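Read-outs throughout are calculated quantities, based only on the coordinates presented, and are distinct from any laboratory measurement. Computed from a predicted structure; not experimentally measured. Glycine gets a Cβ as well: all are built from the backbone with ideal geometry, and neighbour counts include every protein chain shown.
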Amino acid sequence: MSDMVFLVRNDCVIEDMNRSAIRAFGDYRARLCYEALHGGDGLCLTCPVKLIAAGEENEGLAEAKLGGLNVECSYVPFQGYKGDRLVMVVMRNLREVGILPGEPDRRCESDELVGKSKKTRDLRKMIHLVAPSDMTVLISGESGTGKELVADLIHRHSRRADKPLLKFNGAVVAESLGVSDLFGFEEGTFFTGTATPRKGGLELVHGATVFLDEIGDVGPKMQAGLLRVLKNGEITRGSGPGPAAANVRIIAATSKDLAREVEEGRFRQDLYQRLNVINLHLPPLRERKEDILSLVTHFIEKYRKAFGKEVDHIPDSAVDRLLQHSWPGNIRELEDVIQRAVLLTRNNIITEKELIFN
């Protein structure tokens, strides 16, 4: 079978089809593309026709299972004979070109922020603006909004991308252990007096980036040590002979209001000022619901491959339920809901019954 070609208008109506497409799917000219393929109900998860028709994207590529065929769909803009903007959709049977369903597809492993809302677009611009510098960045936002992902992106687009990204969570490590892990210790530091001298993580990852998650939870000793690193570029190992140089970039994150923590005496003001050079605030998902469908598409693609499922459609009733939920757990909660739904579905459609909220 040769390639199947569709010409689709920006209102998703099929303008024309070639013979191979008609043989495979029937004659759907002058009908809605999603009506022909999905019964006219819901969201086509991987179809970029509207984005390309609107000029927001120049091309697209996706895999799908349509009419019993595993196909690769490529999308490119096309100017019709009337001068109108169309999208040419070319479908190729993957089995005929030697690609079997379920094989890894690296194209789907996006390392960028998912979402099209203005807040997400602005955040994306800021990440690319601050990443190449060595400036300290403070990422703030509720739990589950994606602070660690933003830190990863800053590191990947920085001049230190070839060096490690050391991650430390101030909410889960006791202060004494955290201080020794980051700054190291000298012989006799512990109460037994037998501890072997050891360099800390900040000294071992010279030239790298350090991500300090939940910085608002660290204690006074940790705060003092971090201030020394940010102010003087030095690390002091307990009662050691002298400071060691610290060549690291600091990215910190918090779900707390650090300004209030400073006012109430739980966080050092001088450290807060050093950390808050660039502040990237991640809004909660309830304030950018325009991103929900993009995130749903992203997570379905991620977990359908992981679980070997052929999920490619969500009816309007399920979409409405996702949009109406308040998402107190933010993106992390949404990912959990979609992961569970993909696992539970018995066909290629996620319905309301598979959407289980905490």
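For the pairs Lys163/Lys221; Lys118/Lys289; Lys116/Lys309, note any where the Cα-Cα span goes beyond 19 Å. All intermediate terms of the calculation are to be shown ahead of the outcome.
Values: Lys163/Lys221 27 Å; Lys118/Lys289 11 Å; Lys116/Lys309 26 Å.
Violating the 19 Å Cα-Cα cut-off are Lys163/Lys221; Lys116/Lys309.
As an exercise, use a Förster radius of 30 Å and the Cβ-Cβ distance of Val172 and Phe357 to find the FRET efficiency, rounded to the nearest 0.05.
Values: r = 26 Å, r/R0 = 0.87.
The value I calculate is 0.70.
Work out, step by step, the length gained on full extension between Arg340 and Ile22: first 0.36 nm times the residue separation, then minus their alpha carbon distance; give nm to one decimal. Provide the component values of the computation, followed by the final result.
Details: separation 318, 0.36 × 318 = 114.48 nm, distance 3.66 nm.
Length gained between Arg340 and Ile22: 110.8 nm.
Multiplying the sequence separation of Ser294 and Arg124 by 0.36 nm and subtracting their Cα-Cα distance, what value in nm do you get?
Residue separation times 0.36 nm, minus the Cα-Cα distance, leaves 59.7 nm.
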Item to complete: Describe numerically, in nm with one decimal, the distance between label points set 7 Å from Cα along Cα→Cβ at Glu234 and at Ser143.
Response: 3.8 nm
